[in-house]
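Working notes for the structure below.
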Amino acid sequence: MKTKKVAVVGASGYSGEELVGLLLHHPHAELAAVTSRQNAGQTLAQVFPKFAGHPKSRSLRFVEPKAGVLARQADVVFLALPHGVAAEYAAPLLESGCAVIDLSADFRLKSAGIYREFYGHDHPAPDLLKKSVYGLPEIYRDEIKKSLLIASPGCYPTGILLPVIPLLRSGLINSTGIIADSLSGVSGAGRKTEADYLFVECNESARPYAVPKHRHLSEIEEQLSFAARTPVTVQFTPHLIPMSRGILTTLYLAPERRFSSAVGMNALNEKIEACYANAYGDEPFIRLLDGKNLPDTKNVAGANVLEIAWRLDPRTGRLIVMSAEDNLVKGAGGQAVQSLNILCGWPETAGLV
């Protein structure tokens, strides 16, 4: 199987670090370059001692990010950069013939207007939006195979979209009244020195933030609108909790009216089970829980896996769907590598199990 050379731009962040670890041990990818302005000149082993046992860790050095140089070094370039910055590299890399897998928000949306509304500035490369593919492999696998610009989803959207999209497509739930509550570990905020994310501020504390309009709402609502074929508005509240990694999401959904009776609720439960089995029964990275089992972040830590479970509440008539993921793996680096595998025609599980 042909090897591809890959590079990681912004490799010193949490998502970049996760990507580096996965790519160092990938059976078909050769990590050819890692960039970081602040760590330029240092080896992987110096910046990330945990990789010191890998043969490349003492020879591969961080370099300044230069698109022209990267295009000569790599076939596929991962961009683990802040929004607004990634687009500056994507355009020249694509022009040079590289495939780009972007972990920022720059190419997740199709509307430059929505991008401006949620991110507070004009999109730096609006012409590329129509060329990008949303990198949710279980939903857009066929499109990813043919794309050179893959926009890897955010961590919160992954935990919301994968449980909800099949239900909307099957007409089992209403597209209105969707409520999502998510609890995230502190690594979701990125590697930065801000007071809100210091140990003393986060430890033994849980708090909501970015209420009522978190930036990830833009891609959540856009993707759910595509699935429902009608505009969808979501009530979303993220919370910061005192753990390093992991996201637990609880969704409150309204079943379609035809399922409102007691008989209808029993039928709905069977239809939900069949819906998820049809959508994800053969997916290597979706774990559908049965019996009394419920999603738990400890069961997905370090894995490119999303757990899903659901319960019908006959008292309220609501469907409760829950998911758990590792925000740095299935919610970031692992999912990006999953897209790499699809793009390159490798086994989708390569380097991820």
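What length, rounded to one decimal in nm, is gained on full extension from Val200 through to Asn278, with 0.36 nm per residue of separation minus their alpha-carbon distance?
On the way: separation 78, 0.36 × 78 = 28.08 nm, distance 4.55 nm.
Working it through step by step, the gained length comes to 23.5 nm.
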For the chain, what is the convex hull volume of the alpha-carbon atoms per residue, in Å³?
139
Counting Lys and Arg as +1 and Asp and Glu as -1, each charge on the Cβ, what is the dipole of the chain about the Cα centre in debye, to the nearest 20?
340
Within the range 156-327: Cβ-based charge dipole about Cα centre, in debye rounded to nearest 20 (Lys, Arg +1; Asp, Glu -1):
380
Given Cβ point charges of +1 (Lys, Arg) and -1 (Asp, Glu) and nothing else, what value in debye, to the nearest 20, does the dipole of the range 4-131 about its Cα centre take?
340
So what is the relative contact order for the range 93-186, in percent, with contacts set as C-alpha pairs under 8 Å and at least six apart?
28
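Per DSSP H run of at least 4 residues, take -39500 (n - 2.57); add these up for the chain, divide by its residues and hand me the 222 nm value, nearest 500 deg cm²/dmol.
Working: 11 runs with 110 residues, N = 353.
Helix-only estimate at 222 nm: -9000 deg cm²/dmol.
Cut-off is 10 Å between beta-carbons; in what order do Leu312, Leu109 appear when sorted fewest neighbours first? Intermediate values should be presented prior to the final figure.
Values: Leu312 16, Leu109 24.
Result, fewest neighbours first: Leu312, Leu109.
Here, each number is a calculation from the coordinates, and none is a lab measurement. In this text the structure is predicted, and so the values were computed from the model without any measurement. All Cβ positions, glycine included, derive from the backbone under ideal geometry; neighbour counts span all protein chains shown.
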